[in-house]
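Encoded as C-alpha cells, the structure appears first; notes follow it.
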Amino acid sequence: MKYAIIIPDGCADEPIEALGGRTPLEAARTPHMDRIAAEGIVGLSNNTPSHLPAGSEVANLCLLGYDPDRYFTGRAPLEAAAQGIELGPHDWAIRCNLVTIRDQTMVDFTADHISTEEATELLASLQKMVDEEMFAEQNGQLQFVPGVSYRNLLLYRGSSEQPAPFSKETRTHAPHDWTDLSVLDAFPRGPGSGLLTELMTRSVEVFEDHPVNRRRIAAGKRPATNVWLWGLGGAPALPSFAERYGPRGVMITAVDLLRGIAALVGWPRIEVEGATGYLDTDYAAKARAAIAALDEYDLVCVHIEAPDEASHEGRHEAKIEALEQIDEKIVGPLLERLQAAGDYRVLVTPDHPTFCSTKKHTHGMVPLAISGSGVTADSATGYSEREAAASGLRLEHGWDLMDRFIKG
C-alpha cells in the first residue's frame, strides 16, 4: 500500500461576501480534490483543542496522530529539531521573528519577508549586544540562531545550577495573530517574561539605525524594527511514526516547523529547489519530488504553506489561486501516480482554519477527504467545508485521523 498526505496549510475558511458567500475552497476550481472526495469519504476533524494555541505546531502534531496534551512542548523546539539542534533537559528554544511594528501596531510579522542574509546580520548585532552589555554574566546562555528569512530561534542553555526562568505558565503570542492590531496586550506574561520583553525592547535600539535597515528603507522596503519572541518550550520526545502506524514516511515542505516534526517522528525530508514556503513556491517541483519518493517510501507527506500565507495577508483571491495551483500541479499528478501503483490511499486536509477576514489561525474543524483502496464512497460530490459539515464523520480528536487513514 502506498499513502499520500497532502496538507494545504490553513486552507479552511469562512464564507466571504465578496465570493458570493462561498469560501475560497468552494470558489476555487479543484477537480482533483473533488474527485478524491467523490470517490471516497469526507468529514471534519478538530486539530486545535481549545485550550492550546490554534497554530500549525499543535494542528500538525494532531493531524499526524500525536495527542498534543502528551507530546506538545512548544513551537520553537519543533523548529530547533529541523535544524538538528539538540536540546538538553534544562534547555529552552524560543521562536524569534523579525517584525515591523509602528506606533505599537504589528504592521508586518515578516518584516517585509526580510532575506536570510539580512536577518543573520541583524541577529549577529543583537547577539553582540547581549554578550557584551546585557547578559554577559550569564556566560553564553542566550544564543540567537538564524533560520530562514524572518523565522529564527533563540536558545536558552540552562543547567541544574542555572535553570531557565521559564515554565509551562509562561504565555506568549504568535505575531501573525496580531497583524494590524495593537501589540500592547501581546507581550509575554508569566515566569521569565521580563527577560523576553527586555530582549524585545533592547532589539529596537540595536536595529533602529542598523545598516541593514538603512539599506532596506532606501530600497523602499519595511525595516525590521525588533525581534518578537514566542512559542517557547523544552525538548519534546515523540515516538516514531513507523512504530505507531507501520508505513515508512518522508516529508516534503519548505517550513522548518514541519521539518522539525518530521525529524522527531523519524521521517527524512526532501528539500525541493524552488520550494519557498510562500505563494511563489514551485508546486510542480514538489509533486515531482513526491512522485519520485514513492519509489522508496511507503508514505509521502506534502505540506504547502501558500494558502496560509495568503490568508495572513487577507488576500482571498491569492488563496484561491494557491488552491488551484495545488490541485492542478500537486494533487492531480500525485493521484495519477498512486492509482497506477496499485493499492493506495490519499488524504487531503489542512491543519487548521485561517480566515482571510481576520488574517489569523483559528480554532475549529477542518475538512478532510480520503479515497483509495478499501475506502467506500459516501454521498459527497466535492471537497469543501460545506460538504464536510454535511457528512456524518466528525473527529473531535484530530489525532484519531491517522488510525482511520492508515488502518481503515
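Restricting the stretch 380-408 to residues that are in contact with a helix residue (DSSP H, G or I) (Cβ under 8 Å, 6 or more places away or on another chain) and polar (S, T, N, Q), the residue that is surrounded by the fewest Cβ atoms within 10 Å (Cβ to Cβ) is T381.
Listed here are the residues, each with its yes/no results for (1) small (G, A, S); (2) part of a strand (DSSP E or B).
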{"position": "C96", "(1), (2)": "no, yes"}
{"position": "V99", "(1), (2)": "no, yes"}
{"position": "E161", "(1), (2)": "no, no"}
{"position": "A164", "(1), (2)": "yes, no"}
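Just to be sure, is C356 within 20 Å of L19 (Cα to Cα), of a type in the set (A, V, I, L, M, F, W, C) and buried (at least 24 other Cβ atoms within 10 Å of the Cβ)? The answer is yes for C356.
Looking only at residues of the stretch 162-185 that are hydrophobic (A, V, I, L, M, F, W, C) and surrounded by fewer than 20 Cβ atoms within 10 Å (Cβ to Cβ), we find that the one that is nearest to H312 (Cα to Cα) is L181.
Residue by residue through the stretch 147-161, note down the ones that are surrounded by 19 or more Cβ atoms within 10 Å (Cβ to Cβ) and either farther than 14 Å from L196 by Cα or without any contact (Cβ under 8 Å) to a residue 24 or more places away in the chain (or both). Give the derivation first.
Keep residues of the stretch 147-161 that are surrounded by 19 or more Cβ atoms within 10 Å (Cβ to Cβ), which gives 147, 149-156, 158.
Hits for the stretch 147-161 are G147, S149, Y150, R151, N152, G158.
Here A340 clears all of (1) under 19 Å from the mean Cα position of the chain (by Cα); (2) of a type in the set (G, A, S); (3) modelled with pLDDT under 95 except the condition numbered (1).
Within the stretch 231-248, residues that are among the charged types (D, E, K, R) sit with their Cβ atoms under 6 Å from residues that are in a loop (DSSP other than H, G, I, E, B), at 6+ positions apart or across chains, in these pairs: R248/Y297; R248/D298. Take the conditions (1) closer than 18 Å to I41 by Cα; (2) under 20 Å from the mean Cα position of the chain (by Cα); (3) modelled with pLDDT under 95; E313 misses just one of them, which is (1). Looking across M129, M106, one residue alone is crowded, with 19+ Cβ neighbours inside 10 Å and either assigned to a helix (DSSP H, G or I) or not basic (K, R) (or both). It is M106. For T170, all conditions in the list (1) modelled with pLDDT under 95; (2) more than 20 Å from the chain's Cα centre (by Cα); (3) not charged (D, E, K, R) hold save one; what is the number of the exception? Condition (1) is where T170 drops out.
Just to be sure before I move on: is D378 part of a loop (DSSP other than H, G, I, E, B), more than 19 Å from I252 (Cα to Cα) and of a type in the set (D, E, K, R) in the structure I sent? Judged against the criteria, D378 is a match. Apart from one condition, V145 fits all of (1) out of contact with any helix residue (DSSP H, G or I) (no Cβ under 6 Å at 6 or more places or on another chain); (2) modelled with pLDDT of 95 or more; (3) in a helix (DSSP H, G or I); (4) not charged (D, E, K, R); the exception is (3).
Only one of these is among the acidic types (D, E) and either touching a Ser or Thr at 6+ places or on another chain (Cβ under 8 Å) or free of Cβ contacts under 8 Å to residues at least 60 places away in the same chain (or both): D103, D67. Name it. Spell out the reasoning first.
Details: D67 fails: either touching a Ser or Thr at 6+ places or on another chain (Cβ under 8 Å) or free of Cβ contacts under 8 Å to residues at least 60 places away in the same chain (or both).
Selected residue: D103, the only one of D103, D67 that is among the acidic types (D, E) and either touching a Ser or Thr at 6+ places or on another chain (Cβ under 8 Å) or free of Cβ contacts under 8 Å to residues at least 60 places away in the same chain (or both).
The values are calculated or read from the model by the stated rules, or taken from the named source; none is laboratory data. Quantities reported herein were computed from a predicted structural model and do not represent experimental measurements. In this analysis, Cβ positions are derived from the backbone assuming ideal geometry, glycine residues included, and neighbour counts consider all displayed protein chains.
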